[in-house]
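Asker: Sharing a structure with you now.
The values are calculated or read from the model by the stated rules, or taken from the named source; none is laboratory data. On a predicted model such as this, the values are computed, not experimentally measured, just so you know. All Cβ positions, glycine included, derive from the backbone under ideal geometry; neighbour counts span all protein chains shown.
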Amino acid sequence: MSRLLAPGDRLPAILILALAALALLILIGPVVVVIVTSFTTSQALRFPPPGLTFRWYQELFDPVRSAQIHRAAGNSLLVAITVAAFSTGLATAAALGIARSGARWARAAEGTFLAPLVLPGIAYGLATLMFFSWLRLPPSFWLLVAGHAMIATPFALRTVGASAAGLDGSLLDASAALGASPWRTFHKVILPLITPGVAAGAFLAFISSLDNVPVSLFLGSASNDMLPIRLWGMMETSLDVRVAAASGVLVAVAFLLLLVMDRMVGLVRKMAG
Amino acid sequence: MEPKGAWRLALPLALAQVLFFLAPLLILAATSLATDENLSAVSGQAWAEVLGDSFNLGAAWNTLRLGAMTVLATTVLAVPLALLHLAAGPGLKKLILLAAVLPLLTSVVVRTFAWIAILGREGVINNALIATGLATAPVPLLQTEHGLILALTQIEMPLMLLPLIAAMARIDPVLLDASAALGASLLRTLRRVVLPIALPGLLAGATLVFASAATAFISQSVIGGGRLAYLPYLVWQQAMVVFNWPLAAALALTLMASVLAVVTALSALGRKVAHV
Amino acid sequence: MIRMNRRALLGASLGALAMPALPRTTMAAGSMSAAVYPGGWDEALRGVLAPALKRAHDVDVAFEPLFAVDQIAKARAARGVAPFDVFVLDPGPRVQGIDLNLFESFDPSRLANRAKLPEGYADRHGAGVAAQVVGIAYNPKKLPKPAGWRDLFKPEYASRLGLTGFGTTFGTVSLIEMAKVWGGSETDVEPLFTELRKILPQVAAVAQPAAIPGLFQQGQIDVMYTNTYTVSLLKSRGVVIEFALPETGGVAFGTTMHIAKGAKNIEQSYQYIDTMIATDVQSALSQAPYFFVPVNTEVTPGAEVPMRSIADLSKFVTHDWSKINPLRPRWIDRFNREMAK
């Protein structure tokens, strides 16, 4: 921040730094609690732990004892990836349409598109099950994806929308005037500009699906057992430490993925601009 | 890409929503106006119970206030962090982005336990307060509105930070240098250069945080506890325990309508700002 | 190139995760699906009942983890499309299921093990498969053993108490028993609310059932009401906890299984319930790490359970859920309002 500082700026700069540090503490603190708890030597979730061990990770990866967790994790990942793909695609198209149009419909459409965000998941889950049962459709993988995608799309729409709102219309007009096809304009002009928003949107949609409890509760079935529902049961009745270990694995995998992709494509830089 | 055909781009999402969102929503609306879940007869009973009852209306007010307080808290913390990210070198940038997504990676299930461990009477904060002599007895934090807002601030902060950072990424560093070189103070640069570009991101974040905090049923009920009444829990209770689906549907639609009103206002503001 | 790499990475990790999940494609005489309570019950029935069913009848069972209220809600929302073949329920949801006509009519004579159940444990609605005994759980390092429900209202206990409402079966029966010591009854909990109002400012927590074990483990609360099953489970995991039978008597109720209306696999469902009450299964389920209270008269309950055999269950307090269910929505609503700050 040094290049921005003028002589009278010390106080505001210190305040900004202090708040930023507090923000980091609040963001990271609870995650540290979870990770530390996952190494506890106690038989049940306990913080602070009396001692440290890798035992719960061994149990979590045990193909026999944790088979059901693995199955649920596989289901949840598959659903979340499918949901992220659909949600981001639908949201990017819609966000560009809205941003490029000054018409009144666009404003109304945006409000409507965001509506699923504000319906409590439990009510939405109940309503979808009633609706699909009425259509005589039993719970299935694709209904689960559809239900999750409706909840996840607004997240993507909002972040892509924020990027698209800043698109310079004259740039696009220039591209069209120079004879570029709409697809080429999208590929060469728009996409590079909105990539941070799209990446953030896809990520949010993925996580929203991965962590969804209420919709899965109704649209899940014996053959589509979902991870959060399973972890919830393990935690509620027996304070099973594998729940914390599962979170530890998720954080580690995401961390590694970020590092690897950063090395390969500079994703972090891209997300950050 | 001419604006004339722009509406076609929104068509796929619109169709998907009619099929998978609007139709279930209509069933919900019909249920709220019926005597039971089989829609045997029409009745205004459920709506009368929601709108004519100070406890239910109070819960609605609490829910909106909780969303607003969470937006306020996340804004106060996320804006400085996003600024730090803007000014930071590549290493620190990476760290901040990683921290920004961390809360999303700990499942809602285990997060509730972490907050019990932090806010409880023998928890991290109380132990620290007593060890440093700032308090002599445990301060009640768990199951208070303050404790809940703190927890929600962590949980929802990514939804504020990510759009904010994405929006700020479009700021041209040359502009910042120029502003400083011209002798503008830090606050003036922030107000004149950074804020106008970051505002759509801020409003996007506020929308997501508000809606998510107001409907965060598991965090509200587990960290907030049974003494704080919020609408999502009442919806769940009426739907799943009491089986009064008309009332559950009416409560759900009340929550949806009130949150949607706030979100639409934020969206309108966002468009206005973007077109200035 | 970039996309390929990312996809390959995701694919690899997905593959690794999904591998143990591949269905074992052996030919079985049949398959069926059953709801099961999440957590301990899920593990127990997968660990003991599923292999026993496979051995005895060559039937594969798929479990769907759902709490009792969620099972009823789901079956109800599905309007006649049975979401699974067999329910497992507490008495409150059981009565609701009967009232809502969610169960197939049950023929106890199709159970080979029927004679091993006490009289009345199998009827035209379903069969009892486990019992639950509810009382007071406390932390013996922090509090002396409470004598009964009345003690919970003394300042030393009230200030360490975790309250939960009428949303669960164990919560409802505990609160009714407390109402009784203050002059109430199974249908009158008014005296309870009068007493609760007095202690409410000191009460350590008013919580969702889901939060209670965590609150207890972290020392936020040191006394609560729950069943022997939860106490044994937490104790086996090193939590400092003891069960106290109230002086007015422990409360007992049965957990029952029912065949869902319109179930596709009726024959297999009977075999499933019959295997559940078989002596070897009930015996395995009553021991560590599962701690069920058995209903099979040939099986001795585990150490934590305050009875010698299921026959002793008649000495426990029981409740009439056909009377409680119509009143419960009002109690739930009342509890919300009384607790609200």
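Asker: Which of the residues that make up the range B:182-216 are at the interface with chain A (Cβ under 8 Å from one of its Cβ atoms), surrounded by fewer than 24 Cβ atoms within 10 Å (Cβ to Cβ) and farther than 23 Å from B:PRO80 by Cβ?
Answerer: B:GLY183
This table checks each residue for (1) assigned by TED's automatic domain parsing to the domain that holds C:PHE166; (2) of a type in the set (Lys, Arg); (3) in a helix (DSSP H, G or I); (4) over 22 Å from C:VAL36 (Cα atoms).
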| position | (1), (2), (3), (4) |
| --- | --- |
| C:SER232 | yes, no, yes, no |
| C:VAL240 | yes, no, no, yes |
| C:PHE243 | yes, no, no, yes |
| C:MET257 | no, no, no, no |
| C:ASP274 | no, no, yes, no |
| C:ALA284 | no, no, yes, no |
| C:GLU298 | no, no, no, yes |
| C:LEU327 | yes, no, yes, yes |
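Asker: Output the number of the condition that A:VAL241 fails; it satisfies all remaining conditions of (1) within 14 Å of chain C (Cβ to nearest Cβ); (2) free of Cβ contacts under 8 Å to residues at least 60 places away in the same chain.
Answerer: (2)
Asker: Another question, if that's okay. Tally the residues that are away from chain B (no Cβ under 14 Å) and either at pLDDT below 95 or surrounded by fewer than 17 Cβ atoms within 10 Å (Cβ to Cβ) (or both), restricting the search to the range C:149-172.
Answerer: So the answer is 4.
Residues are listed down the side, and each one gets a yes or a no for (1) outside any loop (DSSP other than H, G, I, E, B); (2) touching a Gly at 6+ places or on another chain (Cβ under 8 Å):
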{"site": "A:ALA23", "(1), (2)": "yes, no"}
{"site": "A:PRO63", "(1), (2)": "no, no"}
{"site": "A:GLN68", "(1), (2)": "yes, no"}
{"site": "A:LEU78", "(1), (2)": "yes, no"}
{"site": "A:SER87", "(1), (2)": "yes, yes"}
{"site": "A:THR112", "(1), (2)": "yes, no"}
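Table: residues versus (1) closer than 21 Å to B:ALA261 by Cβ; (2) free of Cβ contacts under 8 Å to residues at least 40 places away in the same chain.
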residue	(1), (2)
A:VAL83	no, no
A:PHE86	no, no
A:LEU90	no, no
A:SER101	no, yes
A:ALA106	yes, yes
A:GLU110	yes, no
A:LEU129	no, no
A:SER140	no, no
A:ALA149	no, no
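Asker: Looking at the range A:98-126, which of the residues that are closer than 20 Å to A:ALA222 by Cα and of a type in the set (A, V, I, L, M) is modelled with the highest pLDDT?
Answerer: By that ranking, first place goes to A:LEU126.
Asker: Follow-up question, since we're still on this one. Can you name the residue in the range A:109-144 that is more than 10 Å from chain B (Cβ to nearest Cβ) and surrounded by 23 or more Cβ atoms within 10 Å (Cβ to Cβ) and, of all such residues, is farthest from B:ALA14 (Cα to Cα)?
Answerer: It comes out as A:PRO139.
Asker: Count, please, the residues in the range C:304-331 that happen to be over 19 Å from the mean Cα position of the chain (by Cα) and not basic (Lys, Arg).
Answerer: Number of matching residues: 8.
Asker: Out of the range C:49-68, which residues are assigned to a helix (DSSP H, G or I), without any contact (Cβ under 8 Å) to a residue 40 or more places away in the chain and touching a helix residue (DSSP H, G or I) at 6+ places or on another chain (Cβ under 7 Å)?
Answerer: None; the set is empty.
Asker: Starting from the range A:187-200, keep only residues that are farther than 18 Å from B:ASP172 by Cβ, then list their pairs with residues that are modelled with pLDDT of 75 or more and assigned to a helix (DSSP H, G or I) whose Cβ atoms are within a distance under 7 Å, requiring at least 6 positions of separation or different chains.
Answerer: Taking only residues 6 or more apart or on different chains, the pairs are A:ILE190/A:LEU96; A:VAL198/A:THR88; A:VAL198/A:THR92; A:VAL198/A:VAL160; A:ALA200/A:THR159; A:ALA200/B:LEU162; A:ALA200/B:PRO163; A:ALA200/B:ALA166.
Asker: While we're looking at this one, here's another question. Can you tell me which of B:ALA10, B:ALA78 is in contact with a Phe, Trp or Tyr (Cβ under 9 Å, 6 or more places away or on another chain) and at the interface with chain A (Cβ under 9 Å from one of its Cβ atoms)?
Answerer: It is B:ALA10.
Asker: Another question about this same structure. Being under 11 Å from A:GLY201 (Cα atoms) and more than 8 Å from chain B (Cβ to nearest Cβ) is the filter here, so list the residues in the range A:90-108 that pass it.
Answerer: A:THR92
Asker: Any residue at all in the range A:135-149 that's closer than 18 Å to C:PRO83 by Cα and in contact with a Gly (Cβ under 6 Å, 6 or more places away or on another chain)?
Answerer: no
Asker: Would it be correct to say that A:LEU25 is within 25 Å of B:ILE116 (Cα to Cα) and either at pLDDT 95 or above or surrounded by fewer than 16 Cβ atoms within 10 Å (Cβ to Cβ) (or both)?
Answerer: yes
Asker: Can you name the condition, by its number, that B:GLU37 falls short on among (1) out of contact with any Phe, Trp or Tyr (no Cβ under 7 Å at 6 or more places or on another chain); (2) within 13 Å of chain A (Cβ to nearest Cβ); (3) of a type in the set (Asp, Glu)?
Answerer: Among (1) out of contact with any Phe, Trp or Tyr (no Cβ under 7 Å at 6 or more places or on another chain); (2) within 13 Å of chain A (Cβ to nearest Cβ); (3) of a type in the set (Asp, Glu), B:GLU37 violates only (1).
Asker: Surrounded by fewer than 18 Cβ atoms within 10 Å (Cβ to Cβ), under 27 Å from A:PRO138 (Cβ atoms) and at pLDDT 95 or above: is that true of C:ASP107 in this structure?
Answerer: yes
Asker: Moving on. Filter the range C:198-224 for residues that are more than 7 Å from chain B (Cβ to nearest Cβ), surrounded by 24 or more Cβ atoms within 10 Å (Cβ to Cβ) and assigned to a helix (DSSP H, G or I) and give the result.
Answerer: If the condition is that a residue be more than 7 Å from chain B (Cβ to nearest Cβ), surrounded by 24 or more Cβ atoms within 10 Å (Cβ to Cβ) and assigned to a helix (DSSP H, G or I), then C:ILE212, C:PRO213, C:PHE216, C:GLN217 are the ones that fit.
Asker: Check whether at least one residue in the range A:132-139 is within 24 Å of A:PHE203 (Cβ to Cβ) and at pLDDT 75 or above, and report yes or no.
Answerer: Within the range A:132-139 (the criterion being within 24 Å of A:PHE203 (Cβ to Cβ) and at pLDDT 75 or above), the answer is no, since none of the residues qualifies.
Asker: Which of (1) free of Cβ contacts under 8 Å to residues at least 60 places away in the same chain; (2) touching a helix residue (DSSP H, G or I) at 6+ places or on another chain (Cβ under 9 Å); (3) under 25 Å from C:VAL95 (Cβ atoms) does C:SER314 not meet, given it meets every other one?
Answerer: Going through the list (1) free of Cβ contacts under 8 Å to residues at least 60 places away in the same chain; (2) touching a helix residue (DSSP H, G or I) at 6+ places or on another chain (Cβ under 9 Å); (3) under 25 Å from C:VAL95 (Cβ atoms), C:SER314 breaks only (2).
Asker: Assess whether B:LEU84 counts as being of a type outside the set (Phe, Trp, Tyr), assigned to a helix (DSSP H, G or I), facing chain A (nearest Cβ under 8 Å) and buried (at least 23 other Cβ atoms within 10 Å of the Cβ).
Answerer: no
Quick grid of which residues meet (1) at pLDDT 95 or above; (2) out of contact with any Asp or Glu (no Cβ under 8 Å at 6 or more places or on another chain); (3) under 30 Å from B:ALA117 (Cβ atoms):
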site	(1), (2), (3)
C:LYS235	no, no, yes
C:GLY238	no, yes, yes
C:PHE243	no, no, yes
C:GLY250	no, yes, no
C:MET257	yes, yes, no
C:TYR272	yes, no, no
C:VAL281	yes, yes, no
